[in-house]
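Below you'll find the structure I mean.
The values are calculated or read from the model by the stated rules, or taken from the named source; none is laboratory data. All values reported here derive from a predicted model rather than from experimental measurement. Backbone-built Cβ (ideal geometry, glycine too); neighbour counts: all protein chains shown. Surface accessibility is based on the protein's heavy atoms, side chains included, excluding ligands, DNA and RNA. Shrake-Rupley method; radii C 1.70, N 1.55, O 1.52, S 1.80 Å.
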Amino acid sequence: MGRWEPDAQGRMMRAAIELFDERGFDKTTAGDIAERAGVTERTFFRHFTDKREVLFAGSDVMERTAHDAIETASADLSPLDAALVGMVAAGGLLADRHDHAVRRARIVAANPSLHERELLKLAALTEATVRALHGRGVDEPTAGLAAHSAVTVFQVAFVRWVSSDDPPNFADCVADAAAALRELR
């Protein structure tokens, strides 16, 4: 290894996406990622539990961001609208990462072994949303329904956002998906 370089985690995430695109997810090892990023394999495992987790890094930040935005949302919002504030805030973390998100989404979609991890991360986002709604005094089943609905809106908005070569504002994608949900009466 050469001299120390900053942002080891970011370099490993970029290297992983490149390698998954070039070789495929199954044919890329943690050692390959570490080598491409210019770090040791030991450094890789200090940052990530396995190579799958490289694709899901930051989901805890997204959960906290959504949770905090819901807790501080205007008190006059309905539970669903408060939960949607959290989804817009979470999506805001992706604003300058469109290319990465597109590549990541393509890799996850192409690898059934990653679908379960994606669902687990979405379930964690739902639970963070439920906790925030409970903190606002929203009882069940309303909190659960609002949280699940908001995360579904987030998923639909995300698919639209990554499917566009000229992506609209993520908040607009959330608003459009929420409007479609409200029309399902």
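At 0.36 nm per residue, and after removing the present C-alpha to C-alpha distance, how many nm does the segment from H134 to T152 gain when stretched out fully?
4.6 nm
Treating the angle as unsigned and between 0 and 90°, give the value, to the nearest 10°, between the Cα long axis of helix 170-182 and the longest Cα principal axis of the chain.
So the helix axis and the longest Cα principal axis differ by about 40 degrees.
Looking at [x] 11.2; [y] 11.8; [z] 10.0, which value of mean projected area of the Cα convex hull in nm² comes from a calculation on the structure shown?
The listed entry that was calculated here is [y].
For the chain, build the charge dipole from Cβ charges (+1 Lys, Arg; -1 Asp, Glu) around the Cα centre, then report which of A146, N169, V61 sits farthest towards its positive end.
Farthest towards the positive pole: V61.
Express in nm, to one decimal, how much length is gained between D60 and A110 on full extension, taking 0.36 nm for each residue of separation and deducting their alpha carbon distance.
15.6 nm
Compute the length gained on full extension between T29 and N169: take 0.36 nm times their separation in residues and subtract their Cα-Cα distance, giving the result in nm to one decimal.
46.9 nm
Mind listing which GluC sites (Glu not before Pro) in the range 80-185 are in a DSSP loop and have 11 or fewer other Cβ atoms within 10 Å?
Filter output for the range 80-185: E183.
For the range 53-121, which trypsin sites (Lys or Arg not before Pro) pass both filters: DSSP loop (anything but H, G, I, E, B) and at most 16 other C-beta atoms within 10 Å?
Loop-located and lightly packed - R97.
With a 1.4 Å probe and every protein chain left in place, work out the accessible area per residue of the chain in Å², rounded to a whole number.
Per-residue accessible area for the chain comes out at 55 Å².
Which of rounded, prolate, oblate describes the range 92-131, given a ≥ b ≥ c as roots of the alpha-carbon gyration tensor eigenvalues and a/c under 1.5 marking rounded, otherwise prolate only if a/b is larger than b/c?
Oblate, since a/c reaches 1.5 and b/c is not below a/b.
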